[in-house]
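K.L.:
Quick one: structure below, then a few questions.
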Amino acid sequence: MNLRSKDLISIKDLSAEEIGHILETASGFKDVLGRDIKKVPALRGKTTVNLFYEPSTRTRTSFEVAAKRLSTDVINIATSTSSVVKGETLLDTAKTVLALGADIVVIRHGCSGTPHFLAKNIDASVVNAGDGTNEHPTQALLDLFTMKENKGGIKGLEVAIVGDILHSRVAKSNIYALTKLGAKVRLIGPPTLVPDCLKDLGVGVYSDMNTGLEAVDVIMMLRIQLERQGKGFFPSTHEYFRNWGLTAARVARAKKDVIIMHPGPMNRGIEIASEVADSNRSVILDQVTNGIAVRMAVLYLVSGVKG
Amino acid sequence: MSKELLDKKDIERAITRMAHEIIEKNKGTRSICLIGIQQGGVHLANRLSLKLKEIEGSSIPVGILDIALYRDDLNVRKEQPVVRRTQVPCEMNDRRVVLVDDVLFTGRSIRAAMDAIMDLGRPSTIQLAVLVDRGHRELPIKADFVGKNIPTAMNETVIVQLAEDGVEDRVVLE
């Protein structure tokens, strides 16, 4: 089976079947990561360009490792050191990149919708590595992969997503993906960051941690973006931790075999207690490894769709 | 239009003979590992290992190899091949690997399989066992153990059906 589009722009565009196919493919790639020779020749001769307009270590490195494991050549362009600072437009940068021979462009941008714009205007495959507050589809796919690996399936899972939902592209992609595959989603956080209107997405909204975490299978913590502090969303990081920080006592409200996830980087002592982050229920480091397998699957599958 | 080439009994006999040949050529079953190529070779590898155990008494490790990522037509195909699991239960280093597939045709899958094996380690030998050799090789590849040689035309298809997939054991030419 092929994906319908040459690009991966958003989870919204994918069918439940396509998501399932990406996750299946990723488990084949996870095998490769456990070998001595962690490389396959599948995309030999292709070129991947990482075009990052926002700082990122984790996602960019993950895409870079994934592309290299598939034997593509990788070019990293961090816009802070490129001609973008000289005033080049996005489309001109992209066209230059294509002229260099790129087959796949992985883009992260601060403005929502940028990958969509790029995909419409160039022939290469475009993969969204996070756009503004819109979506971060590969993060959601790796989160689902990790849940499936631990719980056997997605359907019927109770998943709590805790923190700054309003500004989080990770949360949005996860909400779309999880509801498509039949999981039940609860959002927990201060009403300023988890407004009631999110109920329209078919999820539960809670402001109290203890009620929200009752009997869940998965707790997904989000990073509190410290730059939001002092903008009136919550009084102080200290108070945030007291009300919405994940402590061992709160984890005890969930099911016994709950798994704890975090897309990273973590703020220990602000959204998550160290003892919880390092506990045996935490799958945070598995998420990093799974991220490579899932991104390999995405790069492999989009490059099979001719534009 | 389809014609039955082998029935249940024929397949059983072919596997028994191939098992004996494998033992003869390798002077026993020591350090042998059977690797079935996804998907057609997997059940056959299992059957061969049962047969080897029946004859020699010791269990033979059986692995599964997916060759999708090593194919030579990834740039030409319309659709990406499905990536399946590779599960090899033992180290490949210094093993006598017997690759198992249902039909040997152009030889391209076997080339891909050998590359995939080499990425897992350095076996001492790689041998090839196939249930049907239908000719038309495009690469210099030859099977060590053949269930049946069947001359075919390019436009014909050889279909191997096995009981493990819920159908009667048979080989059909279409």
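The values are calculated or read from the model by the stated rules, or taken from the named source; none is laboratory data. Treat the numbers as computed from the prediction; the structure is a model and nothing was measured. Reconstructed Cβ throughout: ideal geometry from the backbone, glycine too, with neighbour counts over all protein chains shown.
K.L.:
Those residues that are within 14 Å of chain A (Cβ to nearest Cβ) and not β-branched (Val, Ile, Thr), I need them from the range B:50-64; list them, please.
P.N.:
At the first step, the residues of the range B:50-64 found to be within 14 Å of chain A (Cβ to nearest Cβ) are B:63-64.
The answer is B:63, and nothing else.
K.L.:
Could you tell me how many of the residues in the range A:260-276 are within 16 Å of residue A:170 (Cβ to Cβ) and surrounded by 13 or more Cβ atoms within 10 Å (Cβ to Cβ)? Show your work before the answer.
P.N.:
Within the range A:260-276, the first condition is being within 16 Å of residue A:170 (Cβ to Cβ), and the residues that meet it are A:260-267, A:271-272.
From the residues that got through so far, the ones that are surrounded by 13 or more Cβ atoms within 10 Å (Cβ to Cβ) too are A:260-264, A:266-267, A:271-272.
Matching residues across the range A:260-276 total 9.
K.L.:
Provide a single number: the residues in the range B:124-136 that are touching a residue at least 40 places away in the same chain (Cβ under 8 Å) and assigned to a loop (DSSP other than H, G, I, E, B).
P.N.:
So the count comes out to 1.
K.L.:
OK, next. Between a first residue in the range B:109-122 that is modelled with pLDDT under 95 and a second residue that is acidic (Asp, Glu), which pairs have beta carbons less than 7 Å apart while being 6 or more apart in sequence or on different chains?
P.N.:
Hits for this filter: B:121/B:91.
K.L.:
Taking the range B:29-57 as the region of interest, how many residues are of a type outside the set (Asp, Glu), touching a helix residue (DSSP H, G or I) at 6+ places or on another chain (Cβ under 8 Å) and either in contact (Cβ under 8 Å) with a residue 60 or more places away in the chain or more than 18 Å from residue B:126 (Cβ to Cβ) (or both)?
P.N.:
The number of residues fulfilling the criteria is 12.
K.L.:
Now for a different question. Quick one: in the range A:113-161, which of the residues that are in contact with an Asp or Glu (Cβ under 6 Å, 6 or more places away or on another chain) and among the hydroxyl-bearing types (Ser, Thr, Tyr) is nearest to residue A:31 (Cα to Cα)?
P.N.:
The qualifying residue nearest to residue A:31 (Cα to Cα) is A:146.
K.L.:
Within the range A:211-226, is even one residue modelled with pLDDT of 95 or more and of a type in the set (S, T, N, Q)?
P.N.:
yes
K.L.:
What about residue A:98, is it in a helix (DSSP H, G or I) and over 22 Å from residue B:82 (Cα atoms)?
P.N.:
Values: in a helix (DSSP H, G or I): yes; over 22 Å from residue B:82 (Cα atoms): yes.
Answer is yes for this residue.
K.L.:
Looking at the range A:41-49, is at least one residue within 16 Å of the chain's Cα centre (by Cα) and either more than 9 Å from every other protein chain (Cβ to nearest Cβ) or on the phi > 0 side of the Ramachandran plot (or both)? Show your work before the answer.
P.N.:
If we filter the range A:41-49 for residues that are within 16 Å of the chain's Cα centre (by Cα), which is where we start, we get none.
No: the range A:41-49 contains no residue that is within 16 Å of the chain's Cα centre (by Cα) and either more than 9 Å from every other protein chain (Cβ to nearest Cβ) or on the phi > 0 side of the Ramachandran plot (or both).
K.L.:
Taking interchain pairs and intrachain pairs at least six residues apart, which have beta carbon atoms under 9 angstrom, with the first residue in the range A:171-186 and surrounded by fewer than 23 Cβ atoms within 10 Å (Cβ to Cβ) and the second among the hydroxyl-bearing types (Ser, Thr, Tyr)?
P.N.:
A:176/A:10; A:180/A:15; A:186/A:206
K.L.:
Going through A:64, A:54 one at a time, which residue ends up being more than 10 Å from chain B (Cβ to nearest Cβ), in a loop (DSSP other than H, G, I, E, B) and of a type outside the set (Val, Ile, Thr)?
P.N.:
Working: A:64 fails: in a loop (DSSP other than H, G, I, E, B).
The unique qualifying residue is A:54.
K.L.:
Residues A:239, A:227: which one is of a type outside the set (A, V, I, L, M, F, W, C) and more than 30 Å from residue A:12 (Cα to Cα)?
P.N.:
Working: A:227 fails: more than 30 Å from residue A:12 (Cα to Cα).
Unique residue meeting the criteria: A:239.
K.L.:
Restricting to the range A:9-40, and then to whatever is in a loop (DSSP other than H, G, I, E, B) and within 17 Å of the chain's Cα centre (by Cα), can you tell me which residue is surrounded by the fewest Cβ atoms within 10 Å (Cβ to Cβ)? Talk me through it step by step, then tell me what you get.
P.N.:
Filtering the range A:9-40 down to residues in a loop (DSSP other than H, G, I, E, B) leaves A:9-15, A:34-40.
Imposing the further condition that a residue be within 17 Å of the chain's Cα centre (by Cα) reduces the set to A:9-14.
On the way: A:9: 24, A:10: 21, A:11: 26, A:12: 13, A:13: 16, A:14: 23.
The qualifying residue surrounded by the fewest Cβ atoms within 10 Å (Cβ to Cβ) is A:12.
K.L.:
Next question. Out of (1) in contact with a strand residue (DSSP E or B) (Cβ under 9 Å, 6 or more places away or on another chain); (2) assigned by TED's automatic domain parsing to the domain that holds residue A:244; (3) on the phi > 0 side of the Ramachandran plot, what's the single condition that is false for residue A:152?
P.N.:
Every listed condition holds for residue A:152 apart from (1).
K.L.:
Right, here's the next one. What number of residues within the range B:84-99 are more than 10 Å from chain A (Cβ to nearest Cβ) and of a type in the set (A, V, I, L, M, F, W, C)?
P.N.:
Residues meeting the conditions: 4.
K.L.:
Need the failing condition index for residue A:173 against (1) within 21 Å of residue A:252 (Cβ to Cβ); (2) assigned to a helix (DSSP H, G or I); (3) small (Gly, Ala, Ser), just the number.
P.N.:
(1)
K.L.:
Could we say that residue B:47 is closer than 19 Å to residue A:296 by Cα and either within 14 Å of chain A (Cβ to nearest Cβ) or under 15 Å from the mean Cα position of the chain (by Cα) (or both) here?
P.N.:
Values: closer than 19 Å to residue A:296 by Cα: no; either within 14 Å of chain A (Cβ to nearest Cβ) or under 15 Å from the mean Cα position of the chain (by Cα) (or both): yes.
In short, no.
K.L.:
Under 6 Å by Cβ, and 6 or more places apart or on different chains, what pairs join a residue from the range A:292-303 that is facing chain B (nearest Cβ under 10 Å) and on the phi < 0 side of the Ramachandran plot with one that is assigned to a helix (DSSP H, G or I) and charged (D, E, K, R)?
P.N.:
A:296/A:69
K.L.:
Out of the range B:100-119, which residues are more than 9 Å from chain A (Cβ to nearest Cβ) and either part of a strand (DSSP E or B) or under 28 Å from residue A:23 (Cβ atoms) (or both)?
P.N.:
First, the residues of the range B:100-119 that are more than 9 Å from chain A (Cβ to nearest Cβ): B:100-114, B:117.
If the condition is that a residue be more than 9 Å from chain A (Cβ to nearest Cβ) and either part of a strand (DSSP E or B) or under 28 Å from residue A:23 (Cβ atoms) (or both), then B:100, B:101, B:102, B:103, B:104, B:109, B:112, B:113, B:117 are the ones that fit.
K.L.:
Confirm whether residue A:59 is within 14 Å of chain B (Cβ to nearest Cβ) and either buried (at least 21 other Cβ atoms within 10 Å of the Cβ) or at pLDDT 95 or above (or both). So that I can check it myself, show each step before the final result.
P.N.:
On the way: within 14 Å of chain B (Cβ to nearest Cβ): no; either buried (at least 21 other Cβ atoms within 10 Å of the Cβ) or at pLDDT 95 or above (or both): yes.
In short, no.
K.L.:
For the range B:65-83, which residues satisfy the criterion of being at the interface with chain A (Cβ under 7 Å from one of its Cβ atoms), over 23 Å from residue B:31 (Cα atoms) and either surrounded by 20 or more Cβ atoms within 10 Å (Cβ to Cβ) or under 16 Å from the mean Cα position of the chain (by Cα) (or both)?
P.N.:
Across the range B:65-83, the qualifying residues are B:69, B:70, B:74, B:80, B:83.
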